[in-house]
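These notes concern the structure reproduced below.
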Amino acid sequence: MPLVGKMEEEKSTLEDELTFSIPNAWEQSDEETESEITEFAEKYKVFISESKTEREAVDNTIDLLRENGFVSIDECEKLEQGDKAYIVNKNKAIAIVIIGKNNITDGCQILTSHIDAPRLDLKARPVYEDKDASLALFNTHYYGGIKKYQWVSTPLAIHGKVVKEDGDVIDITIGEDPNDPVFAVSDLLPHLSKKKQSERKMKDVIKGEELNVIIGGKPIDDDDIDEKVKINVLKILNDKYDIKEEDLTSAEIEIVPAGQARDLGFDKSMVGGYGHDDRVCAFTSLMAGLNIETPSKTSLILVYDKEEIGSEGNTGANSRFTESVFQQILAKTLGDYSMEDFRNIMENSKGISGDVNPGVNPSFKSVHDLRNAGKMGQGIVITKYTGAGGKYSANDAHAEFVAYIRLVFNENEVCWQTAELGKVDEGGGGTVAKFLANLNLDIIDAGPPLLGMHSPFEIISKVDIYHTYKAYKAFLEAE
Ligand code: MN
Ligand code: MN
């Protein structure tokens with residue numbers, strides 16, 4: 001018997017030595033780390049609860065940057081070692097830079113993320129009255145990859161800006177204060193769904209044109225008015241914000257889930273809320289930037305808009321904004337710079353594309369290859385390639401670069417795992433990584449796992465948020 005026992009022991013040692021096993025990150029945390037994890041999650045919950053749109057995320061980022069000694073690049077005549085600045089792009093994207101000790105043309109350590117999230121946008125002429133229902137409603141056009149049925153029968157808030165003809169900007173946020181009203185898309189009751197809705201396929205259970213948000217139900221007291229409920233709502237908007245219906249044509253009003261991010265589970269180990277994808281990577285990379293000493297290589301944190309609709313437009317990662325950022329940094333550090341300097345700063349840069357990964361869903365395990373899937377509570381997920389089908393549209397990071405990332409994470413005791421985006425041919429998706437790779441720099445995807453991605457209530461583990469932060473900070477500090 002002892003011999004068997006010994007053999008088993010040896011076997012397990014050899015197994016430990018040769019195999020790649022991924023521990024639960026909570027089990028790797030001592031008491032002190034656990035309190036850091038909780039503390040970090042508290043700050044994060046405030047950030048995402050107050051950053052429900054890309055514009056709000058940029059504004060809150062600027063506030064945190066300025067509190068920590070960062071200034072707008074326009075306020076700097078020159079940038080020198082240790083200087084900390086930011087560049088805002090149309091109030092929807094932002095670049096953060098910390099000038100390192102090395103030559104600027106040695107390249108930057110880049111962290112990317114995106115702050116747009118799936119939602120319902122208002123159409124240009126959104127307000128209408130449905131006389132049959134005796135209600136006023138907003139017509140919407142959804143943004144990003146949503147499962148439309150998830151957006152009905154849940155309290156919604158309105159966030160955005162109306163820009164008047166004279167350029168005056170009016171901020172609107174309704175539905176977050178406990179005393180505010182909320183808004184909602186009404187689902188059909190089960191009693192009458194049998195024919196109309198029950199036979200529909202999942203993507204059509206609620207159709208795009210059925211995502212109409214209820215905004216009022218009381219007629220104005222004026223017999224000369226035809227659409228009394230609609231006019232009553234317009235009058236309330238006019239009294240409160242001094243806007244008319246035409247002003248809504250030059251507005252960006254986003255309908256988002258109402259309410260704060262909350263602790264989830266008896267053990268409070270997770271956070272449930274709207275917009276973890278991808279504000280969790282924006283927040284963790286921002287915190288990494290705020291908590292490093294002057295690094296060797298210049299840190300560059302790029303926070304984009306429009307990822308959810310393909311990174312298009314001049315605030316998305318597929319725009320010239322990234323090149324503009326490099327040019328502005330070169331101009332402020334070197335003064336006159338050459339095309340060779342421009343090429344060098346890009347080609348010598350290394351990047352982590354911070355974006356979330358699907359965690360293994362306990363009720364739908366068959367969509368994952370479980371050995372190559374991200375699991376909640378096991379740390380940041382390294383995704384060598386994304387894409388769909390035969391890796392179409394993927395950034396496939398080079399093995400040399402993956403080895404470098406492993407080294408940085410291991411040396412800094414980051415809990416990490418690896419994953420693909422589901423089983424082969426199960427579906428797929430992409431991130432901003434491929435647009436940065438177009439500049440001929442090395443970049444890889446790495447971010448925390450999520451459950452219920454793109455839903456109004458996404459779930460993330462606090463320990464994964466923490467290890468994402470640790471990973472990003474280690475990367476910025478690395479050579
Ligand atoms: Mn994302
Ligand atoms: Mn997404």
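The values are calculated or read from the model by the stated rules, or taken from the named source; none is laboratory data. Only a predicted model underlies this, so the values are computations on that prediction, with no experimental measurement involved. All Cβ positions, glycine included, derive from the backbone under ideal geometry; neighbour counts span all protein chains shown.
What do you reckon, is Ile352 within 16 Å of ligand 1 (Cβ to nearest atom) and outside any loop (DSSP other than H, G, I, E, B)? Yes, satisfied. Against the criterion of being over 30 Å from Glu67 (Cα atoms) and away from ligand 2 (no atom under 16 Å from the Cβ), Pro362 qualifies. For Glu209, indicate whether it is more than 28 Å from Lys90 (Cα to Cα) and either modelled with pLDDT under 95 or part of a helix (DSSP H, G or I) (or both). Yes; evaluated as a whole, the condition is true for this residue. Checking Val402, Val432 one by one, the residue that is in the same structural domain as Met339 (by TED's automatic domain parsing) and within 14 Å of ligand 1 (Cβ to nearest atom) is Val432 and no other. Within the stretch 328-344, identify whether any single residue is outside any loop (DSSP other than H, G, I, E, B) and within 16 Å of ligand 1 (Cβ to nearest atom), and answer yes or no. No, the conditions are met nowhere in the stretch 328-344.
Just the residues that are polar (S, T, N, Q) and either outside the structural domain of Ala317 (by TED's automatic domain parsing) or touching a residue at least 12 places away in the same chain (Cβ under 8 Å) (or both), please, taken from the stretch 410-429. Of everything in the stretch 410-429, those that are polar (S, T, N, Q) and either outside the structural domain of Ala317 (by TED's automatic domain parsing) or touching a residue at least 12 places away in the same chain (Cβ under 8 Å) (or both) turn out to be Asn412, Gln417, Thr418.
Does Glu308 count as in the same structural domain as Leu450 (by TED's automatic domain parsing), within 16 Å of ligand 2 (Cβ to nearest atom), surrounded by fewer than 24 Cβ atoms within 10 Å (Cβ to Cβ) and not in a strand (DSSP E or B)? Answer is yes for this residue. Restricted to strands (runs of 3 or more DSSP E) entirely inside the stretch 84-163, those with at least 3 residues that are β-branched (Val, Ile, Thr) are 93-98, 156-163.
When you scan the stretch 223-230, do you find a residue that is within 16 Å of ligand 2 (Cβ to nearest atom), buried (at least 18 other Cβ atoms within 10 Å of the Cβ) and not in a loop (DSSP other than H, G, I, E, B), even just one? No, there is no match, as no residue in the stretch 223-230 is within 16 Å of ligand 2 (Cβ to nearest atom), buried (at least 18 other Cβ atoms within 10 Å of the Cβ) and not in a loop (DSSP other than H, G, I, E, B). Scanning the stretch 451-469 for residues that are within 30 Å of Pro295 (Cα to Cα) and in contact with a strand residue (DSSP E or B) (Cβ under 8 Å, 6 or more places away or on another chain) yields Ile460, Ser461, Lys462, Asp464, Ile465, His467, Thr468.
Note on the stretch 253-287: residues that are part of a loop (DSSP other than H, G, I, E, B) and either more than 16 Å from ligand 1 (Cβ to nearest atom) or surrounded by fewer than 19 Cβ atoms within 10 Å (Cβ to Cβ) (or both) amount to 9. For the stretch 446-455, state whether one or more residues are away from ligand 2 (no atom under 16 Å from the Cβ) and either buried (at least 22 other Cβ atoms within 10 Å of the Cβ) or assigned to a helix (DSSP H, G or I) (or both). Within the stretch 446-455, not a single residue is away from ligand 2 (no atom under 16 Å from the Cβ) and either buried (at least 22 other Cβ atoms within 10 Å of the Cβ) or assigned to a helix (DSSP H, G or I) (or both).
When Met376 is tested against the conditions (1) within 16 Å of ligand 2 (Cβ to nearest atom); (2) in contact with a Pro (Cβ under 6 Å, 6 or more places away or on another chain), the lone failure is (1).
Every residue in the stretch 347-363 that is in contact (Cβ under 8 Å) with a residue 12 or more places away in the chain and farther than 14 Å from Ala478 by Cβ, please.
Taking the stretch 347-363 and keeping what is in contact (Cβ under 8 Å) with a residue 12 or more places away in the chain, we get 347-361.
Matches in the stretch 347-363: Glu347, Ser353, Gly354, Asp355, Val356, Asn357, Pro358, Gly359, Val360, Asn361.
For the residues Asp166, Asp171, the requirement of being part of a loop (DSSP other than H, G, I, E, B) and either at pLDDT 95 or above or crowded, with 16+ Cβ neighbours inside 10 Å (or both) singles out Asp166. Here Ala124, Ala136 are screened, and the one residue that is surrounded by 23 or more Cβ atoms within 10 Å (Cβ to Cβ) and assigned by TED's automatic domain parsing to the domain that holds Glu210 is Ala136. Pull up the stretch 456-479, narrow it to residues that are touching a Pro at 6+ places or on another chain (Cβ under 9 Å) and assigned to a strand (DSSP E or B), then point me to the one that is farthest from ligand 2 (Cβ to nearest atom). Selected residue: Ser461. For the stretch 421-450, filtered to residues that are under 17 Å from the mean Cα position of the chain (by Cα) and under 15 Å from Gly145 (Cα atoms), the residue that is modelled with the highest pLDDT is Thr431. Report yes if Leu407 is more than 16 Å from ligand 1 (Cβ to nearest atom), under 17 Å from Lys384 (Cβ atoms) and without any contact (Cβ under 8 Å) to a residue 24 or more places away in the chain, otherwise no. Criteria met by Leu407.
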